[in-house]
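Please treat every number below as a calculation from the coordinates, not as lab data. Here the structure is a predicted model, which is why all the values come from computation and not from measurement. Positions of Cβ are backbone-derived with ideal geometry, glycine not excepted, and every protein chain shown enters the neighbour counts.
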């Protein structure tokens with residue numbers, strides 16, 4: 001927020017602030033965005049908090065962009081500037097990619113007592129993906145239209161706290177001290193909430209940031225924003241000059257009630273309500289029912305805000321329902337979710353998992369969450385082939401183990417199983433049903449996903465996944481086979497017996513193509529072989545990956561690819577790049593440099609040229625080492641080189657008149673025509689485009705130009721064309737007309753402005769000032785851009801001169817004399833003691849009848865806006881002494 005300080009909306013309420021951009025503007029608005037935002041916060045007619053004091057912090061450049069580090073620096077300045085305990089609100093109408101550092105800086109500001117309000121962002125996306133919108137400690141504001149619908153550009157989601165108006169908002173603008181303008185964005189919504197926060201702090205300056213946030217959300221109007229976006233709150237900002245207390249509302253319902261049965265009891269736990277609606281919870285009512293909720297009884301546990309209770313005096317083996325309500329001074333909430341449990345007996349086991357074996361099924365399960373208040377002493381295992389005919393109990397003795405093998409079953413028959421837990425009160429409910437069919441042991445199925453994991457000299461490493469079926473008996477070994485003739489004949493690799501699903505096959509011949517397959521072995525024999533791997537060669541690199549384009553231009557295509565997964569056991573020497581113009585029927589080898597010796601590169605890129613314009617090309621790449629050349633990569637997509645043309649038209653040409661100059665800013669064309677832009681041609685017209693004059697500004701690809709030496713007081717329009725190797729492109733749309741402003745009268749010594757009255761100040765600028773021949777040094781520094789003032793002394797006294805309020809590092813000198821090359825130095829100063837902002841101060845004794853001159857310049861050539869202050873104190877009138 002960097003308002004134009006002299007705007008009528010602010011009535012002298014703009015304090016000195018902070019500027020993070022070293023461009024000479026300090027905290028002064030040179031874009032318009034900051035003045036508009038400040039007007040919504042505290043404008044006398046357009047603002048929410050019409051009497052608030054505004055402190056500008058400028059962190060973006062004149063084009064509205066900047067670095068995240070500058071934003072953080074601005075926040076840190078605000079923390080340092082903030083007096084302990086003073087009410088303060090910071091508004092951040094800006095946004096960028098997610099930044100934990102920025103979010104931490106905001107948290108530090110809130111911890112310092114500053115309420116921070118931020119814009120949600122204009123991406124029509126999740127606000128949580130951006131900063132500062134994702135900052136948990138900030139109030140994140142989405143934008144609405146005039147019909148209370150979420151604006152199409154506004155971000156949304158769980159990081160939003162509130163909505164406020166953001167479309168077609170009229171507020172102050174920086175183009176003049178009375179200018180107004182209508183803008184849209186979440187940047188316009190955020191200051192509405194910041195202004196409301198300022199009103200709250202005006203009413204109660206002791207409120208903390210969390211209290212301000214709570215008040216804003218409590219007073220907000222719910223459920224009036226249409227289409228707020230997935231996960232968004234539906235709260236719309238409400239402000240009133242006298243804040244009204246809301247009607248008391250009972251708490252929301254307690255959440256996630258859970259019950260654990262005990263011996264004649266049930267232990268309950270729950271989560272507090274999501275909101276107490278402004279009245280603290282003072283008690284919880286615990287209710288229970290033994291008739292499925294037909295009637296409810298209240299358990300007498302006294303008054304407590306603890307979110308747990310143990311209900312006693314229950315009858316074992318009886319099923320009870322439970323619910324909880326929250327109580328506050330505003331009333332009693334609705335009941336929580338209802339849960340049931342049976343005291344005394346265990347709950348049901350869970351996660352029953354059968355494994356079919358030969359004439360048996362092995363069962364595993366998880367013990368019940370609830371043991372009924374006494375230890376589990378046994379599990380009952382039941383099975384059947386027909387659920388409707390009932391279950392039989394399998395006699396596995398008494399055991400608390402959560403595994404059992406049911407034997408004596410018939411292979412090929414489907415069985416159904418369930419488990420019950422037993423304690424000293426009784427037997428609990430059965431688990432869920434699981435089924436399995438025992439079967440005879442056979443050979444394992446084929447291993448899966450056999451893949452090459454490394455290629456080295458004379459050896460290949462493999463890995464694979466276990467077979468889907470072990471045939472009813474555990475796999476005891478794997479058989480590894482390889483072939484050098486595409487599978488016509490297979491050789492067995494002699495490795496030790498192992499169930500590890502990886503191996504390294506050694507003794508292979510370098511540069512020979514091999515395929516591999518694996519079979520699993522169990523007690524029944526060797527199973528089917530896996531699918532063979534693709535062919536690989538020991539010592540030879542594997543194929544590179546993922547050939548794609550970086551850029552396509554005239555007679556060239558720049559491609560990149562990933563290095564091969566395996567280098568074959570020796571360093572890569574180079575790549576072979578091939579291209580085809582007939583969809584791979586034939587390939588041409590590019591003869592350019594593809595060497596990579598000494599480069600351990602994950603990705604490699606080359607620009608292939610010369611190619612034929614207008615013809616589609618596909619590319620593939622092979623890797624090469626000292627042993628040989630590997631297989632080619634998969635072909636790329638087709639890319640078509642093309643002949644460049646002149647660039648498109650530059651966009652958004654904006655001219656801004658300043659004293660003695662015009663700042664011209666534009667955006668680059670949407671297309672450079674296929675060749676880099678090397679220059680821009682600038683033309684101006686003083687007759688509405690009837691004739692144009694070309695500006696001689698040298699060669700530059702910058703999209704910003706400062707134009708001087710124009711005729712002052714005349715309306716100018718501008719247009720820009722981009723230039724590349726082909727030629728000059730089409731002209732941009734012409735700028736809006738601007739009238740050039742004359743240089744300052746007090747730039748030369750002869751134009752020194754006379755100071756009147758005994759005290760006052762004058763504002764000006766040294767941006768277009770110069771130095772004169774013979775001008776003296778000011779405080780030991782050579783003159784660079786000075787402006788002059790004079791004091792014609794009509795009486796004797798003391799004259800104090802300062803540059804306090806200027807936005808750059810100033811130098812101040814006081815002189816007497818009649819010409820600039822014959823001055824006598826009276827006093828000089830660079831940085832005055834007690835002044836902030838590197839301002840200057842001199843105090844001189846003046847004599848009636850003498851004219852004194854003062855020069856304001858910049859340290860080390862610095863320039864900017866100036867404020868020249870003076871105070872004259874007459875010498876005391878001599879008094880006639882009293883008679884002795």
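Each of residue 546 and residue 742 was given a label point 7 Å from its Cα along the Cα-to-Cβ line. The distance between the two points is 6.6 nm.
Taking each residue as 0.36 nm, the span from residue 756 to residue 366 lengthens on full extension beyond its C-alpha to C-alpha distance by 131.0 nm. With respect to the chain, whose longest principal axis is taken over its alpha-carbon atoms, helix 33-42 is tilted by about 90°.
Can you bin segment 1-126 into rounded, prolate or oblate? Criterion: square roots of the alpha carbon gyration tensor eigenvalues sorted a ≥ b ≥ c, rounded for a/c under 1.5, prolate for a/b above b/c, oblate for the rest. Rounded, since a/c falls under 1.5. Taking every DSSP helix (H) stretch of at least 4 residues in the chain, weighting each as -39,500 (n - 2.57) and dividing the sum by the residue count yields a mean residue ellipticity at 222 nm of -2500 deg cm²/dmol.
Can you work out D for segment 251-305 in µm² s⁻¹ from Stokes-Einstein, where Rh is the Kirkwood radius over C-alpha pairs, the temperature is 10 °C and the viscosity is 1.306 mPa s?
Approximately 123 µm²/s, per Stokes-Einstein.
Across q = 0.14, 0.15, 0.18, 0.21 Å⁻¹, segment 398-476 modelled as identical point scatterers on its alpha-carbon atoms has Debye log10 I(q)/I(0) values of -0.74, -0.79, -0.94, -1.07, in the order of the q list. Subtracting the Cα-Cα distance of residue 44 and residue 15 from their residue separation scaled by 0.36 nm leaves 8.9 nm.
Where does each of 571, 634 land when they are ranked from fewest to most other beta-carbon atoms within 10 angstrom?
Least crowded to most crowded, the residues run 634, 571.
Relative to the first principal axis of the alpha-carbon coordinates of the chain, what is the inclination of helix 186-203, with its axis defined by its Cα atoms, in degrees from 0 to 90 and to the nearest 10? It is inclined by approximately 80 degrees.
Angle of helix 100-111 to the longest C-alpha principal axis of the chain, folded into 0 to 90 degrees and rounded to 10: 70°. Oblate is the label for segment 749-874, because the ratio a/c of its alpha-carbon gyration tensor axes (a ≥ b ≥ c) is 1.5 or higher and a/b is not greater than b/c. Seen from a random direction on average, the alpha-carbon convex hull of segment 255-341 projects onto 5.3 square nanometres. According to the calculation over all Cα-Cα pairs in segment 448-529, the P(r) per 10 Å bin from zero is 18, 51, 26, 5, 0 %. Here the chain is treated as a sphere whose radius is the Kirkwood value from Cα pairs; by Stokes-Einstein at 20 °C and 1.002 mPa s it diffuses with a coefficient of 58 µm²/s.
Our note on the geometry: Cα centres of segment 682-727 and segment 631-676, 19 Å apart. Sorted on the mean count of surrounding Cβ atoms within 10 Å across their residues, most packed first, peptides 692-701, 228-237 read 228-237, 692-701. Model label points for residue 782 and residue 860, set 7 angstrom from Cα along the Cα-to-Cβ axis, are 1.6 nm apart. Remark: relative contact order (segment 755-884) = 38 percent; criterion is Cα-Cα distance under 8 angstrom and separation of 6 or more residues. Under the rule a/c < 1.5 gives rounded, and otherwise a/b versus b/c splits prolate from oblate, where does segment 350-436 land using the Cα gyration tensor? Judged from the Cα gyration tensor, segment 350-436 comes out prolate (a/c at least 1.5, a/b above b/c). Take every Cα pair under 8 Å whose residues are at least 6 apart in sequence, average their separation, divide by the length of the chain, and the relative contact order is 6 percent. Contact order, relative form, for segment 258-308: 34 percent (alpha carbon pairs under 8 Å, 6 or more residues apart, mean separation divided by residue count). Most tightly packed first, judged by the mean number of other beta-carbon atoms within 10 Å of their residues, the peptides 183-190, 104-111 read 183-190, 104-111.
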